[in-house]
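Worksheet: the structure to be examined is printed underneath.
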Amino acid sequence: MRTSTSITLADFCEWLPDGSRQPCYGPATFVLVRLSGDTLRFTCRAHRDVWASRVGGPYLVLTRDEWEARGAGYRGPALGG
């Protein structure tokens, strides 16, 4: 449930396809989150599994609604938090 209408980079998939110089920028409907609560990546459905394969250690894949319901998570060191 969005309370803000402002759009940020967190609203878009950050996957950089091989050979491309520009990220996907598809709508980020999923969020990869460490069990500690650190937010790792925002991703679209198409790149969710690719991002997940690059994450070491345990993590959760949450929908944006689940992530926001948890308080929008802590943006850990991977996202400059």
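Where a number appears in this text, it was derived from the coordinates with a stated rule and is not lab data. Because the structure is a prediction, the values reported are computed rather than measured. Positions of Cβ are backbone-derived with ideal geometry, glycine not excepted, and every protein chain shown enters the neighbour counts.
Of note:
- Fewest-first ranking of ARG34, ARG45, using other Cβ atoms within 10 Å as the exposure measure: ARG45, ARG34
- Using the Cβ of VAL55 as centre and a radius below 14 Å, the other residues enclosed give a net charge of +1, where K and R count +1 and D and E count -1.
- Peptides 57-65, 25-33 ordered by average Cβ neighbours within 10 Å, highest first: 25-33, 57-65
- Computed label-point distance, nm, for sites ARG21 and THR63 using a 7 Å Cα→Cβ extension: 3.8 nm
- Built amide H within the under 5 Å cut-off of CYS13, gap 5+: TYR25, GLY26, ALA28, CYS44
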